[in-house]
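J.: Below you will find the structure I want to go over with you.
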Amino acid sequence: MKALEVAQMTLDSESRNLEPSKKQDKTSGIGKTRSATKDQIVISNVRISQQESSPPLVTALKASAEQNAATFHFPGHNRGRAAPSSLTQLIGLKPFLHDLPELPELDNLFSPRGPILDAQQQAASLFGSLETWFLVGGTTCGIQAAIMATCSPGEILMLPRNSHISAISAMVLSGAVPKYIIPDYNFDWDIAGGVTPSQVETAIKEVEKEGQKPAAVLVTSPTYHGICCDLSEIIQLCHSRGIPVIVDEAHGAHLGFHPQMPNSAMHQGADLAVQSTHKVLCSLTQSSMLHMSGSLVDREKISRCLQTLQSTSPSYLLLASLDAARAQISENPETIFGKALQLAIETKSMIRKISGFQQLGLSGYEADEILYEDHEIICELVETQSITFAMNLGTCREHVQRLVSGIKHLAATCASTPAAKRKVEGGNSALFADIETSLIPRDAFFSGKRRVSIENSLGEVCGELICPYPPGIPVMVPGETITKKALDYLLDARSKGAVISGASDPQLSSIVVCNM
């Protein structure tokens with residue numbers, strides 16, 4: 001393990017460097033179900049203001065659930081009367097009481113005129129957008145809608161090669177043609193970073209030389225590891241050519257709510273930004289927001305795309321959680337992250353003072369196993385050369401102390417082991433440096449396929465989307481020629497404990513390829 005990464009919530013311009021300094025989204029890379037059952041969950045007596053106690057959608061859902069009505073509608077548990085006992089023993093009856101369908105008083109997500117519209121407008125005001133849509137399909141749904149609304153079949157989408165898999169699925173849905181930008185790569189940490197304005201400008205000029213123009217530019221900022229791009233300059237560059245900019249801001253819903261944090265994508269002029277409100281903010285998992293500003297994107301097209309992609313039976317618990325998360329931030333938008341931010345800074349300082357833990361010769365997976373088994377520390381993300389710990393509004397000092405203690409113990413006990421004498425090597429060249437696209441993602445997705453052994457796959461056209469997960473960055477994309485570098489990377493990641501997502505054969509003894 002080269003280092004342990006402390007997520008400190010995209011603090012400042014330091015995050016522009018390729019020294020990872022934060023992150024968010026939970027899955028351990030060693031394939032084990034984990035729960036902190038020994039930890040007592042403590043809910044502090046936080047003062048609830050009148051503003052936070054009456055978000056419009058939360059208020060409407062509460063009133064509807066309290067009706068003494070004879071109910072003859074779905075869902076089948078009938079407001080908890082037939083709720084499965086195994087689940088009510090876990091979470092109680094209240095979630096079922098509030099798990100309601102699209103009743104008139106609760107508004108319609110696809111054509112909001114009541115509390116959903118009110119809640120979305122208040123969110124737009126808080127996040128600085130012209131319009132905001134609530135999402136119950138996660139940021140994946142928002143990225144897909146943004147790309148579908150800006151890119152028609154055959155049009156060019158410019159995007160970093162380390163974009164999330166949702167961008168790849170969006171190109172399958174839209175028929176867009178990718179023009180990849182190869183991000184900077186940090187070999188010590190084995191992570192890809194952000195893209196620079198000069199890289200974007202170079203890519204645009206390459207497209208223009210071919211007599212074309214990108215229909216949209218997608219930028220990931222911050223990345224999963226908290227690395228921010230110079231969005232203002234990238235957006236200015238694109239807007240000067242009339243090109244809309246989509247920002248995958250999944251890990252940046254908190255940006256702009258503290259003077260030590262970078263501005264949000266909306267405040268830097270993005271046309272569309274999609275945020276995972278459930279990550280750093282406090283809505284329920286799977287709930288996100290899509291924000292729009294400017295006039296380069298057709299808002300009606302966004303709405304039509306979302307209607308195509310989202311469920312016709314949205315969860316009002318998810319929708320209400322978005323409204324509640326917005327209200328929570330609205331109470332003290334400039335100070336709410338103060339304590340968490342200070343705790344992150346202190347944690348980073350304490351970990352930096354621990355000697356020896358960067359030279360232990362452990363992979364991230366090995367270090368994670370020790371921290372979990374010995375100290376019940378559950379991280380956000382495990383990779384070959386790093387571990388990411390996400391800090392948020394719910395992070396408490398006792399858990400930070402346990403983390404620091406665990407790392408100290410790790411450094412002390414592993415320094416004298418044989419593992420400390422071996423070096424965990426990263427790559428020696430950027431993983432995405434020699435990409436060759438033979439088919440666009442849509443054509444590859446729908447093409448005929450066959451299975452070949454991994455030994456015989458070199459040079460074939462990949463027919464499936466394969467990536468270590470998390471973070472969900474594809475190493476192989478449908479339509480790309482399979483390279484030795486990509487194969488070696490996947491096999492090495494698997495050998496170190498990574499879960500390989502998307503591959504029909506997770507052991508990678510075979511790969512599905514396209515018939516050419």
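The values are calculated or read from the model by the stated rules, or taken from the named source; none is laboratory data. In this text the structure is predicted, and so the values were computed from the model without any measurement. When we count neighbours, we look across all protein chains shown, and the Cβ atoms used for this are built from the backbone with ideal geometry, even at glycine. Protein only, heavy atoms only, side chains kept; ligands, DNA and RNA dropped before computing areas. Shrake-Rupley method; radii C 1.70, N 1.55, O 1.52, S 1.80 Å.
J.: Solvent-accessible area per residue for the chain at a 1.4 Å probe radius, Å²?
T.: Numbers: 22220 Å² over 516 residues.
Counting only protein heavy atoms, the per-residue value for the chain is 43 Å².
J.: At q = 0.11 Å⁻¹, what base-10 log of I(q)/I(0) does the Debye formula yield for the chain when every alpha carbon is treated as an equal point scatterer in vacuo?
T.: Each listed q maps to, in turn, -1.02.
J.: Same structure, new question: Which whole-Hz ³J(HN,Hα) couplings does the stretch 345-354 yield from phi under the Karplus relation 6.51 cos²θ - 1.76 cosθ + 1.60, θ = phi - 60°, glycine and proline marked x?
T.: Those phi angles translate into 5, 5, 5, 4, 5, 5, 5, 5, 7, 7 Hz.
J.: Order 205-214, 114-123, 234-243 from most to least packed using the mean count of other Cβ atoms within 10 Å. Write out the running numbers ahead of the final one.
T.: Working: 205-214: 12.5, 114-123: 21.1, 234-243: 17.4.
My ranking of the peptides, most packed first, is 114-123, 234-243, 205-214.
J.: For the stretch 286-291, just list the computed ³J(HN,Hα) in residue order, Karplus coefficients 6.51, -1.76 and 1.60, θ = phi - 60°, integers in Hz, with x standing in for Gly and Pro.
T.: 5, 9, 9, 9, 10, 10
J.: Let me ask something else about it. Scan around residue 196 for amide H atoms under 5 Å from its own, H built in the peptide plane at 1.01 Å from N, and keep only partners 5 or more places away or cross-chain.
T.: So residue 196 has HN proximity to no qualifying residue.
J.: Express in whole angstrom the spacing between the alpha-carbon centres of the stretch 462-516 and the stretch 121-182.
T.: Cα centres, the stretch 462-516 to the stretch 121-182: 23 Å.
J.: I would also like to ask the following. Whole-Hz ³J(HN,Hα) for each residue in the stretch 267-284, computed from phi via Karplus 6.51 cos²θ - 1.76 cosθ + 1.60 with θ = phi - 60°, x for glycine and proline: what do you get?
T.: 6, 9, x, 4, 7, 9, 9, 10, 10, 7, 4, 7, 7, 7, 7, 10, 7, 6
J.: Return the subset of 205/348; 179/301; 449/485 for which the Cα-Cα distance in this structure is over 32 Å, preserving the input order.
T.: Values: 205/348 41 Å; 179/301 23 Å; 449/485 22 Å.
Over 32 Å Cα-Cα: 205/348.
J.: Taking the stretch 305-397, which trypsin sites (Lys or Arg not before Pro) meet the DSSP loop condition and have no more than 16 other C-beta atoms within 10 Å? List each step's numbers first, then the result.
T.: Values: sites: 326, 339, 348, 352, 353, 397; in loops: 353.
Loop-located and lightly packed - 353.
J.: In what sequence, largest accessible area first, do 391, 350 appear using a 1.4 Å probe? Intermediate results must be reported in sequence, preceding the final value.
T.: On the way: 391 15, 350 75 Å².
Result of the area sort, largest leading: 350, 391.
J.: Let me ask another. Tell me the relative contact order for the chain as a rounded percent, counting alpha carbon contacts under 8 Å between residues six or more apart. Mind showing how you got there, number by number?
T.: On the way: 1048 pairs, mean separation 109.0, N = 516.
So the answer I get is 21 percent.
J.: Then there is this: Excluding residue 77 itself, calculate the net charge of residues whose Cβ lies under 15 Å from the Cβ of residue 77, where each Lys or Arg counts +1 and each Asp or Glu counts -1. List each step's numbers first, then the result.
T.: On the way: positive: 79, 81, 94; negative: 99.
That works out to +2.
J.: While we're on this one: Considering amide H positions built from the backbone, and no H for Pro or chain starts, which residues 5 or more places from residue 216, or on another chain, come under 5 Å of its amide H?
T.: So residue 216 has HN proximity to 158.
J.: While we're looking at this one, here's another question. On the accessible surface of the chain, probed at 1.4 Å, how many percent belong to carbon and sulfur atoms?
T.: Values: 11500 of 22220 Å².
Percent of accessible area from carbon and sulfur atoms in the chain: 52.
J.: Amide H of residue 499: which non-local residues (sequence gap of 5 or more, or other chain) have their own amide H closer than 5 Å, using H built in the peptide plane?
T.: Here the answer is 469, since their amide H atoms fall under 5 Å of that of residue 499.
J.: Take every DSSP beta bridge whose two residues both sit in the chain, then give the antiparallel share in percent to the nearest 5.
T.: On the way: 24 of 42 bridges.
Counting only bridges with both partners in the chain, antiparallel ones make up about 55 percent.
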